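A quick write-up on the structure given underneath.
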Amino acid sequence: MPELPEELEHIWNWFQKLHRRRQYGFGANPLASSEIAAWASLSGWELSAFEFDALCRVDDAVLPILNRPKSAIDNNISDGKSVADRMRARGTVKD
């Protein structure tokens, strides 16, 4: 797996913090724009339009993985594929 460019590490770190506070209903819900804005404000960050869009795109790529049917997870849990590999296979991430 290629290494994350240093210029984007903060996006991934922010996403991980936001993801830990994600709301769930019948599955994982998308991160709401209002939640991202509130988190940024409370954290003292001023998000650029690029950073906001990047957070949303990461969330869009991760949601289908989080919301796969349990049987799909059970059938593939030991296939050795990482989340990044699965995202690449779906075309949501490129090398």
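Okay, residues lined up against (1) part of a helix (DSSP H, G or I); (2) under 26 Å from R68 (Cβ atoms); (3) among the small types (G, A, S):
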site: W12; (1), (2), (3): yes, yes, no
site: K17; (1), (2), (3): yes, yes, no
site: R21; (1), (2), (3): no, yes, no
site: F26; (1), (2), (3): no, yes, no
site: S34; (1), (2), (3): yes, no, yes
site: E46; (1), (2), (3): no, no, no
site: F50; (1), (2), (3): yes, no, no
Task: region 13-62 - residue that is crowded, with 17+ Cβ neighbours inside 10 Å and of a type in the set (D, E, K, R) and, of those, farthest from R90 (Cα to Cα) - done: E51
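We did not get these values from a lab; they are worked out from the coordinates using the rules stated. In this text, all values refer to a predicted model and were calculated from it rather than measured experimentally. When we count neighbours, we look across all protein chains shown, and the Cβ atoms used for this are built from the backbone with ideal geometry, even at glycine.
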